[in-house]
Amino acid sequence: MTEDTTERTSTIAPADPAASSTQAAAPGAPPSDEIARMTDDIVNALKTVYDPEIPADIYELGLIYRIDISDDKTVAVDMTLTTPNCPSAQELPNMVENAVASVPGVREVKVEVVWDPPWDPSRMSDEARVVLNMW
């Protein structure tokens, strides 16, 4: 019999809540209530990050595709931009990294910009649509 050494993570996928998965905690993993607190705090931190050209936060814009919190409290974030030619392409990932790193308990943050699926306005929350008057 082989030992399962797969690292388990808690995943938040704001763009598709039905696809979210939370796996059973491994021995030594943070308790589920701590993961829930970190998850809420990370989302709140992401809501403080705004695209300088758009008056809505990146979370409500639907730019955050995935957040994984590993057993060792390393956080991986997959995000996208509204367009590959976004003038803020250099600064937004750093702003996301800094915001998530400010959350108590987060050990390390890795941010990756992904382009699949491409962002489109359908990914925005109703809150972002109201702010941008896009109904």
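Some values worked out for this structure:
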| read-out | value |
| --- | --- |
| Restricting region 35-44 to residues that are over 21 Å from Arg129 (Cα atoms) and either touching a residue at least 12 places away in the same chain (Cβ under 8 Å) or among the charged types (D, E, K, R) (or both), the residue that is surrounded by the most Cβ atoms within 10 Å (Cβ to Cβ) | Ile42 |
| Of all residues making up region 112-135, the number that are assigned to a loop (DSSP other than H, G, I, E, B) and not small (Gly, Ala, Ser) | 11 |
| Residue match in region 78-87 (condition: in contact with a Ser or Thr (Cβ under 8 Å, 6 or more places away or on another chain), assigned to a loop (DSSP other than H, G, I, E, B) and hydrophobic (A, V, I, L, M, F, W, C)) | yes |
| Subset of region 89-117 (residues that are of a type in the set (Asp, Glu) and within 13 Å of the chain's Cα centre (by Cα)) | Glu97, Glu112 |
| Test: residue in region 45-58 that is farther than 26 Å from Asp33 by Cα, touching a strand residue (DSSP E or B) at 6+ places or on another chain (Cβ under 8 Å), touching a residue at least 40 places away in the same chain (Cβ under 8 Å) and of a type in the set (A, V, I, L, M) | yes |
| Region 74-88 - residue that is closer than 22 Å to Ser122 by Cα and surrounded by 13 or more Cβ atoms within 10 Å (Cβ to Cβ) and, of those, nearest to the chain's Cα centre (by Cα) | Val77 |
| In region 32-75, the residues that are assigned to a helix (DSSP H, G or I) and either closer than 20 Å to Glu112 by Cβ or β-branched (Val, Ile, Thr) (or both) | Ile35, Met38, Thr39, Ile42, Val43, Ala45, Leu46, Ile58, Tyr59, Leu61 |
| Matching residues, region 99-132, being free of Cβ contacts under 8 Å to residues at least 60 places away in the same chain, surrounded by 14 or more Cβ atoms within 10 Å (Cβ to Cβ) and not β-branched (Val, Ile, Thr) | Ala99, Ala101, Trp119, Arg129 |
| Residue check, Asp71 of a type outside the set (Gly, Ala, Ser), modelled with pLDDT under 95, surrounded by 12 or more Cβ atoms within 10 Å (Cβ to Cβ) and closer than 29 Å to Ala36 by Cβ | yes |
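The values are calculated or read from the model by the stated rules, or taken from the named source; none is laboratory data. All values reported here derive from a predicted model rather than from experimental measurement. Positions of Cβ are backbone-derived with ideal geometry, glycine not excepted, and every protein chain shown enters the neighbour counts.
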